[in-house]
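Encoded as structure tokens, the structure appears first; notes follow it.
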Amino acid sequence: MEFHSALAESNDLEEACEAVASDVRRRLGDGPVDLIVVFASASYGADLDRLPVLLQEMIGAKTLVGCTGAGLLHQNTMSDKQPAVSVLAGRFPGAEAAATVISNADLPHADAAPSAWRRLLPKTEGPTRGMLVIGEPFHCDMRSLLAGLDFILPSVPKVGGLASGSQHPEGNALFCGRQRVNQGAVVLTLSGNIVVEPAVAQGCRPIGKPGRITKANRNRLARVDDMPIKNFVEAQLQTLTDEDASLADGSPLFLGIASDPFAMSEPTAGDFLVRNVLGIDDGDLVVGEHLSVGRSIQLHLRDGSSGLDDLQTQLELSNVGLAQAALMFRCIGRQGMDHERFASLAPDVPMAGCTCNGEIGPVGGMTYLHGYTASCLLLREGHAT
């Protein structure tokens with residue numbers, strides 16, 4: 001198994017493609033590779049139609065996927081000041097990469113049989129070891145797609161993000177094979193002799209103490225530990241250090257929801273799904289997720305330095321030192337230089353990625369669409385245990 005990543009900045013798309021292709025050929029040799037994952041600046045506009053064709057002609061790949069990004073990542077570098085192309089290319093005998101495009105119209109209804117979801121995925125020789133999921137940010141029903149993929153492949157890690165770089169629906173692009181796609185999602189499956197490890201860092205840390213929801217309706221939180229949510233929040237804020245109190249005074253609060261509703265032990269930082277607090281309405285806290293009575297919650301704050309520390313912890317737990325390649329999807333609004341922290345931990349691991357309008361990754365065994373998150377996919381040769 002051999003990978004190489006490359007990045008080139010140029011106002012001319014063909015020139016950028018030739019530069020990364022030359023870099024890849026110099027490292028991997030001539031001849032087609034098994035996989036190319038490509039990220040490109042949305043500012044190339046209509047010329048992006050040519051991107052997958054150019055790379056197929058210059059390098060050649062059995063499978064090519066990718067998307068646009070406002071910022072492109074490569075090792076310890078992020079390019080966001082001028083147009084650029086970033087690629088991860090690899091050969092992996094004994095493993096297989098296969099990709100398909102899934103539109104909203106393709107999605108089965110909520111109570112469809114597992115076979116209806118399996119038909120959406122490309123056919124492969126062996127069991128799926130991991131998935132890369134990339135979506136269009138304006139129209140893709142990503143939550144339904146992720147729920148369906150978890151339904152049929154609950155133990156398979158799924159990582160990715162939503163394309164970025166343009167404020168217009170048709171300005172962001174996905175790539176699959178030799179085509180540009182403007183809507184839906186591109187799903188890549190990895191099977192065979194390959195190990196896929198996810199690492200998800202949500203960029204927030206818990207403050208105060210956890211509590212249990214005692215009254216909620218959909219995304220409205222009314223009572224925690226049998227007290228009005230307003231009283232619960234005030235009680236937690238009173239326990240903060242001066243430093244945290246100052247940070248909370250100038251930053252929005254987030255709500256961490258325990259990912260395992262049946263856990264008996266008190267949850268720790270990595271056990272929470274972090275969601276935006278949208279506001280207060282008629283005494284209820286309105287959040288960006290449906291809530292259920294009995295689930296543990298804890299207030300969270302965004303913190304750039306702790307977000308980087310969390311990323312390092314998650315990467316180390318996912319055996320980053322053993323990785324042979326990596327992809328990173330990080331939020332446009334996330335604080336901290338995640339790519340630099342990654343490179344400090346794994347300087348010899350080829351890595352490419354982009355900034356996203358939403359990041360995809362597992363928390364507590366389920367796959368979610370996140371915000372303010374860095375989500376990584378780590379690849380290495382071997383059989384999953």
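The values are calculated or read from the model by the stated rules, or taken from the named source; none is laboratory data. Only a predicted model underlies this, so the values are computations on that prediction, with no experimental measurement involved. We place every Cβ from the backbone using ideal geometry, glycine too, and count neighbours over all the protein chains shown.
Observations, loosely collected:
- Taken over segment 126-155, residues that are surrounded by fewer than 20 Cβ atoms within 10 Å (Cβ to Cβ), within 16 Å of the chain's Cα centre (by Cα) and within 23 Å of ILE194 (Cβ to Cβ) amount to 1.
- Meets criteria (outside the structural domain of MET366 (by TED's automatic domain parsing), assigned to a strand (DSSP E or B) and under 19 Å from the mean Cα position of the chain (by Cα)) for ILE257: yes
- Wholly within segment 1-98, strands (runs of 3 or more DSSP E) carrying at least 1 residues that are modelled with pLDDT of 95 or more and of a type in the set (Lys, Arg): 61-68, 84-91
Matching residues to (1) at pLDDT 90 or above; (2) closer than 21 Å to VAL85 by Cβ; (3) among the hydrophobic types (A, V, I, L, M, F, W, C); (4) surrounded by fewer than 21 Cβ atoms within 10 Å (Cβ to Cβ):
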residue	(1), (2), (3), (4)
GLY321	yes, no, no, yes
ILE332	no, yes, yes, yes
LEU345	yes, no, yes, yes
PRO350	yes, yes, no, no
THR367	yes, no, no, no
SER375	yes, no, no, no
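This table checks each residue for (1) assigned by TED's automatic domain parsing to the domain that holds GLY29; (2) in contact with a strand residue (DSSP E or B) (Cβ under 7 Å, 6 or more places away or on another chain); (3) not in a strand (DSSP E or B); (4) not hydroxyl-bearing (Ser, Thr, Tyr).
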residue: LEU121; (1), (2), (3), (4): yes, yes, yes, yes
residue: GLY126; (1), (2), (3), (4): yes, yes, yes, yes
residue: GLY148; (1), (2), (3), (4): yes, no, yes, yes
residue: PHE151; (1), (2), (3), (4): yes, no, yes, yes
residue: SER164; (1), (2), (3), (4): yes, yes, yes, no
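- Taken over segment 96-130, the criterion of being without any contact (Cβ under 8 Å) to a residue 60 or more places away in the chain and hydrophobic (A, V, I, L, M, F, W, C) is satisfied by ALA105, LEU107, ALA110, ALA112, ALA113, ALA116, TRP117.
- Taking the criterion of being over 19 Å from GLU96 (Cα atoms) and either over 15 Å from the mean Cα position of the chain (by Cα) or modelled with pLDDT under 95 (or both), the residues of segment 175-198 that qualify are GLN179, ARG180, VAL181, ASN182, GLN183, GLY184.
Condition check ((1) under 29 Å from SER191 (Cα atoms); (2) touching a residue at least 40 places away in the same chain (Cβ under 8 Å)) across all residues:
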position: GLU2; (1), (2): yes, yes
position: ALA8; (1), (2): no, yes
position: VAL20; (1), (2): yes, yes
position: LEU28; (1), (2): yes, yes
position: PRO32; (1), (2): yes, no
position: LEU35; (1), (2): yes, yes
position: PHE39; (1), (2): yes, yes
position: SER43; (1), (2): no, yes
position: VAL53; (1), (2): yes, yes
